[in-house]
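Reading through the structure tokens given below for one structure.
The values are calculated or read from the model by the stated rules, or taken from the named source; none is laboratory data. All of these numbers come straight from a predicted model, not from anything done at the bench. In this analysis, Cβ positions are derived from the backbone assuming ideal geometry, glycine residues included, and neighbour counts consider all displayed protein chains. The accessibility values were calculated without ligands, DNA or RNA, using every heavy atom of the protein model including side chains. Shrake-Rupley method; radii C 1.70, N 1.55, O 1.52, S 1.80 Å.
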Amino acid sequence: MEKLLEILSSLYPDIDFKKEKHLMEDRILDSAAVVSIISEIEDEFDVSVSMEYIQPKYFESAETMWEMIEELS
């Protein structure tokens, strides 16, 4: 989880990923940001994010992203 937080913070330093729980709902992240995050997740964690995971619910918070990574691992 710490590595994910490092990645997210390096991509978007102005967002507090430890605190934010509605990144998509509150429009803090957009589709372009999700594409960037997916690319970083795939590279760093050696997973493939399939189409079924490209949904807002998996990108609402760092925790939901981490749960997705764990499911894909």
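At-a-glance table
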| quantity | calculated |
| --- | --- |
| Residues of segment 45-72 classified as closer than 22 Å to Pro13 by Cβ and outside any helix (DSSP H, G or I), total | 2 |
| Residues (open to solvent by less than 60 Å² (accessible area, probe 1.4 Å), within 17 Å of Met68 (Cβ to Cβ) and either acidic (Asp, Glu) or in a loop (DSSP other than H, G, I, E, B) (or both)) located in segment 2-39 | Phe17, Glu20, Leu23, Met24, Leu29 |
| Residue check, Glu42 of a type in the set (D, E, K, R), in a helix (DSSP H, G or I) and within 12 Å of the chain's Cα centre (by Cα) | yes |
| Residue list for segment 48-67, filter: open to solvent by less than 60 Å² (accessible area, probe 1.4 Å) and either within 15 Å of Ile7 (Cα to Cα) or touching a Lys or Arg at 6+ places or on another chain (Cβ under 9 Å) (or both) | Phe59, Glu60, Ser61, Ala62, Thr64, Met65 |
| So Ser39, is it hydroxyl-bearing (Ser, Thr, Tyr) and touching a helix residue (DSSP H, G or I) at 6+ places or on another chain (Cβ under 8 Å) | no |
| Pairs with Cβ under 7 Å, 6+ apart, first in segment 1-24 and touching a residue at least 40 places away in the same chain (Cβ under 8 Å), second open to solvent by less than 50 Å² (accessible area, probe 1.4 Å) and acidic (Asp, Glu) | Lys21/Glu60 |
